[in-house]
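Q: Let me begin by handing over the structure; questions about it come next.
The values are calculated or read from the model by the stated rules, or taken from the named source; none is laboratory data. The structure presented is a predicted model; accordingly, all values stated were derived computationally and were not measured. With ideal geometry, Cβ positions are generated from the backbone for all residues, glycine too; neighbour counts draw on all protein chains shown. Heavy atoms of the whole protein, side chains included, go into the accessibility calculation; ligands, DNA and RNA do not. Shrake-Rupley method; radii C 1.70, N 1.55, O 1.52, S 1.80 Å.
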Amino acid sequence: MSAGKKQKAATAVPAAPVAKLLRKVLIANRGEIALRIVRACQELGVRSVAVYSDADAHAPHVREADEAVNIGPAPSAESYLKGDVIIAAAKRVGADAIHPGYGFLSEREWFARAVRDAGLVWIGPPAEAIAALGSKTAARTLAVKHGVPVVPGTTEALSCADEAVTVATKFGFPVLLKAAAGGGGKGMRVVRSAGEMASAWDAARNESKKAFGDDAVYIEKYIEGPRHVEIQILADSHGTVISLGERECSVQRRHQKMIEEAPSPAVDVDLRRRMGAAAVRAAKAAGYVNAGTCEFLLDSTGEFYFLEMNTRIQVEHPVTELVTGIDLVQWQIRIASGEKIPFPSEIEPRGWAIECRLTSEDPSNGFLPSTGRVDYLHVPSGPGVRWDGGIETGSVVGLHYDPMLAKLIVWGATREEAVSRMHRALLELVVDGVETSREFHLRVMEDADFKSGAIDIQWLERRLESLLGSAPDEDALQAAAIAATLVADRDRRGGGRTSAAAAAAAAPESASAWARRGRTDGLRV
Ligand code: ADP
């Protein structure tokens with residue numbers, strides 16, 4: 001590890017003037033990220049406008065925003081993906097700008113362009129930068145041209161399965177077929193031999209066509225056991241581009257991130273600097289402005305390879321916020337307002353942050369999506385705990401949208417402290433009415449590999465069965481069931497407020513469900 005100039009984030013963040021140009025921002029999104037953006041607007045003194053589908057009429061992001069506009073029925077194709085309806089709504093309410101959040105329309109070049117053409121400010125990178133980086137093959141071409149190392153493979157889409165076999169033989173099996181338009185782990189297939197190619201080719205193309213309306217597929221060498229490490233960048237419209245350090249996102253299931261942290265246990269000051277410089281180079285080459293993320297694979301020898309650039313705010317942005325002290329969503333708005341980035345080009349992370357994505361999926365049942373009404377929600381708190389959520393008691397979780405309900409994020413002075421704090425916070429969390437991934441996250445925080453930081457992108461798939469098979473202690477479960485019943489009894493006598501216990505009293509099976517989830521902390525009541 002080389003020495004290098006160190007800057008403490010605490011001294012790097014100046015007292016911030018309020019964004020000047022923008023007065024009213026329409027948020028083209030829903031759930032936790034919409035609420036996150038509402039909060040950033042409030043702190044900047046900018047008015048916020050929520051949009052919502054019929055299914056979200058009573059959602060927290062709608063209530064918390066200064067104004068709200070209904071944009072159609074529940075299916076996202078008829079509401080949150082209706083760019084023209086959203087732009088018309090923004091004009092109608094007199095918004096100056098649109099913040100797209102992540103997902104939905106956030107990385108659609110045509111939407112960024114249409115917003116600009118409508119005379120509104122787009123809180124994101126220019127449409128041209130989205131176009132340059134939007135397709136994985138185009139981004140690889142750009143990276144190669146600017147000296148950013150990429151995973152060996154093609155920069156062109158392939159024409160047929162036979163060509164794929166020829167190319168794969170050249171690079172050596174295993175290879176990964178990837179959708180050029182890909183995202184969210186879709187349109188990807190590992191191919192370990194020539195015999196597997198034909199069916200993998202069809203599967204990758206069909207999945208890509210269905211998900212992105214585009215069946216272009218290319219090949220990358222499949223790297224065994226790397227980490228997913230990504231660099232957060234910020235770029236302003238005055239030519240400054242800086243790196244805010246890395247996030248480790250190797251805890252993945254089916255190529256989708258489940259737990260993220262900052263910094264990475266595998267990155268030292270020197271590697272951070274080199275990866276940061278590569279990310280800044282890629283961003284500059286694309287004419288990037290605003291917040292963006294450069295994703296890399298990091299192999300066990302310390303070599304890193306560019307994967308893609310995400311041209312939006314990421315789900316996992318809070319871990320970077322906690323270790324740098326920089327509010328990324330506020331800075332997206334400030335940059336779109338024309339402000340200059342005031343931070344030094346190198347920021348050393350302070351402490352350790354971990355994020356768990358809480359989804360409405362049942363880990364004990366193959367992560368099957370779960371739907372229903374959130375009968376009771378208890379949000380963890382205490383030192384170093386942050387909750388970015390889109391649900392509350394009474395929320396109805398359906399199948400129309402992404403299953404991510406909330407993000408639980410913690411900060412600790414060290415990684416060990418952060419892991420232990422996350423475990424404590426997860427024990428405090430209660431979500432009754434829908435199954436969630438809480439139990440899964442608890443098991444990960446207890447895992448020896450995870451605790452030591454010895455993880456790679458295939459680690460979770462290898463460990464999943466044994467992780468979920470480690471059933472909680474039976475005595476503890478029974479004690480928790482008794483505790484839940486006692487609390488129910490106390491609450492019933494004490495008045496009619498809704499609580500886990502009240503719900504348990506109304507529906508006795510809820511108490512055992514509570515216990516099943518290993519809430520031994522109920523004994524403290
Ligand atoms: P998407 O845009 O669909 O998320 P990415 O290119 O970001 O696709 O890759 C998603 C995940 O798939 C990565 O985080 C990594 O775990 C895995 N992956 C992608 N490319 C490779 C590769 N060449 N070798 C091994 N794993 C890969």
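Q: Could you tell me the distance between the Cα centroids of segment 207-256 and segment 358-388, to the nearest Å?
A: 26 Å
Q: Label points 7 Å out from Cα along the Cβ direction at Lys170 and Asn365: separation in nm?
A: Inter-label distance under the simple model: 4.8 nm.
Q: Counting only other residues whose beta carbon sits under 10 Å from that of Ala74, what net charge do I get with K and R as +1, D and E as -1?
A: -3
Q: Still on this model: Please give the contour-minus-distance gain from Trp110 to Ala203: 0.36 nm per residue of separation, less the Cα-Cα distance, rounded to one decimal in nm.
A: Contour length minus Cα-Cα distance gives 30.7 nm.
Q: Could you work out the local net charge near Pro125, counting Lys and Arg as +1, Asp and Glu as -1, over the other residues with Cβ closer than 11 Å to its Cβ?
A: -2
Q: Shifting gears a bit: Starting from the Cα-Cα distance between Glu417 and Ser237, subtract it from 0.36 nm times their residue separation and give me the gain in nm to one decimal.
A: Roughly 61.0 nm would be gained on extension.
Q: Probe radius 1.4 Å, ligands and nucleic acids ignored: give me the carbon and sulfur share of the accessible area of the chain as a rounded percent.
A: That fraction is 52 percent.
Q: Same structure, new question: Heavy-atom accessible area of Thr414 with all protein chains present, probe 1.4 Å, nearest 10 Å²?
A: 70 Å²
Q: What residues of segment 72-95 lie in the reach of a label at Arg23, counting those whose backbone N is under 11 Å from a point 7 Å from the Cα along Cα→Cβ?
A: Backbone N within reach: 94-95.
Q: Next question, about the same structure. Roll a 1.4 Å probe over the protein heavy atoms and report the accessible area of Val397 in Å², nearest 10.
A: So the heavy atoms of Val397 present about 10 Å² to solvent.
Q: If you average the C-alpha positions of segment 35-109 and of segment 311-352 separately, how far apart do those two centres end up, in angstrom?
A: Using only Cα atoms, the two centres lie 22 Å from each other.
Q: Between Ser193 and Lys145, what's the calculated FRET efficiency when r is the beta-carbon distance and R0 is 30 Å? Round to 0.05.
A: 0.35
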